[in-house]
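K.L.:
Quick one: the structure is below, and I'll ask about it shortly.
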Amino acid sequence: MSFTRQLSEMSASELNDAIDDTNFPQAHILSRGRNNSVCSTSSTSGTSSLAGAAAAASAGVQTPSQPEDACDELVASSTPQRPRLILKTNSSITENSDGTQPQTPMTPRTSTTPGHEKCTFHHDLELDHKPPTREALLPDMARSYRLLLGGLGENPDRQGLIKTPERAAKAMLYFTKGYDQNLEDVLNGAVFDEDHDEMVVVKDIEMFSMCEHHLVPFYGKVSIGYLPCNKILGLSKLARIVEIFSRRLQVQERLTKQIAVAVTQAVQPAGVAVVVEGVHMCMVMRGVQKINSKTVTSTMLGVFRDDPKTREEFLNLVNSK
């Protein structure tokens with residue numbers, strides 16, 4: 001089926017989506033199953049021609065069309081590449097009154113946002129709402145640590161503990177500084193167009209986090225691999241993505257998945273693989289006290305999940321010395 005005939009079958013909302021997607025104008029069409037999803041980048045002329053055709057079709061204006069044979073030859077001549085990994089969600093999203101889906105706020109909500117006037121502090125994992133500055137929490141946190149010291153039978157006023165509540169509060173803010181960071185700010189535009197489709201692996205990234213069950217540390221290393229789809233990510237940004245999600249109250253299983261999803265959101269690769277190896281102090285210092293135990297978790301998305309050879313290549317690279 002020619003691309004011109006595809007446009008004629010699209011609804012007005014689908015055409016608007018195609019016009020808005022300036023970087024990959026065919027992404028919405030392909031993800032709706034009108035063609036096989038392929039890795040592709042469009043030139044400036046190709047983008048403008050699609051936008052013009054889509055706008056004309058939505059306005060009901062007839063435009064000169066190319067012969068279908070010519071369009072089919074153009075599509076057939078393109079070199080097939082790896083399919084892009086598109087994240088899907090099973091959760092239902094409530095639509096706005098105009099039929100559009102609500103968008104994630106570009107800036108964090110504050111207590112001055114309508115409907116949040118009485119909020120003092122709350123957040124979710126996407127940093128949807130956070131206080132103006134986390135340092136404003138230090139006085140309350142220090143008082144809580146002072147109460148904790150008293151509950152342990154200590155004297156918070158003795159010389160060695162006078163400043164301990166404030167120090168502990170500052171340390172906890174540092175341990176959880178990932179709540180102050182989001183993917184867009186950390187990437188800082190370090191996503192580059194590059195004709196490269198071979199595996200990229202960064203391994204043994206140091207990781208420190210806090211167990212959300214006992215508030216004790218766990219630490220280890222993270223290895224990340226992805227198959228680019230004409231876009232690559234600055235190598236240091238992979239380590240920064242690890243920092244975003246490890247510097248929060250975590251469980252290792254969720255941390256592994258969040259890193260993989262973040263890389264997918266950053267560059268839309270053909271696949272992402274993440275392996276995390278951690279030592280949990282809640283197993284070493286307390287409980288079963290197994291000092292040599294390690295926990296290994298992995299998340300495989302896209303080609304890494306579907307193709308055993310690709311997955312094996314990644315695991316061999318990660319385990320090599």
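Laboratory data are not the source of any read-out in this text; all were calculated from the coordinates shown. Since we're looking at a predicted model, the values are computed, not measured. Here the Cβ is made from the backbone with ideal geometry for all residues, glycine too, and neighbour counts use every protein chain on show.
K.L.:
Using only C-alpha atoms and all pairs of different ones, pull out the Kirkwood radius for the stretch 134-179 in Å with one decimal.
P.N.:
Values: mean 1/r = 0.0924 Å⁻¹.
In the stretch 134-179 this quantity evaluates to 10.8 Å.
K.L.:
Hey, another quick one. In square nanometres and to one decimal, what's the mean projected area of the convex hull around the Cα atoms of the stretch 132-274? Numbers along the way, then the final one.
P.N.:
Working: hull surface 39.5 nm².
Dividing the Cα hull surface by four gives the mean projection, 9.9 nm².
K.L.:
Near the amide H of R247, under 5 Å away, which other amide H atoms are found, from residues 5 or more places off or on another chain, if H is placed in the peptide plane?
P.N.:
G178
K.L.:
Further question on the same structure: Pairs K177/K309; K163/K290; K177/K257; K203/K290: which are spaced more than 29 Å apart, C-alpha to C-alpha? Intermediate results must be reported in sequence, preceding the final value.
P.N.:
Values: K177/K309 38 Å; K163/K290 34 Å; K177/K257 19 Å; K203/K290 26 Å.
Check vs 29 Å cut-off fails for K177/K309; K163/K290.
K.L.:
Provide the packing ranking of 145-154, 297-306, i.e. peptides ordered by the mean count of other C-beta atoms within 10 Å per residue, highest first.
P.N.:
Numbers: 145-154: 13.1, 297-306: 20.1.
My ranking of the peptides, most packed first, is 297-306, 145-154.
K.L.:
Among residues other than I232 whose Cβ falls under 11 Å from its Cβ, what is the net charge (Lys/Arg +1, Asp/Glu -1)? Kindly include the intermediate steps, with their values, before the conclusion.
P.N.:
Details: positive: K231, K237; negative: D193, E194, D195, D197, E198.
Result for the neighbourhood of I232: -3.
K.L.:
With a cut-off of 15 Å, note down the residues of the stretch 285-311 whose backbone N falls inside the zone around a label point 7 Å from the Cα of S320 toward its beta carbon.
P.N.:
310-311
K.L.:
Report, to two decimal places, the Cα Rg of the stretch 190-321 normalised by 2.2 N^0.38 Å (N = number of residues).
P.N.:
Details: Rg = 15.3 Å, N = 132, 2.2 N^0.38 = 14.1 Å.
Output field value: 1.08.
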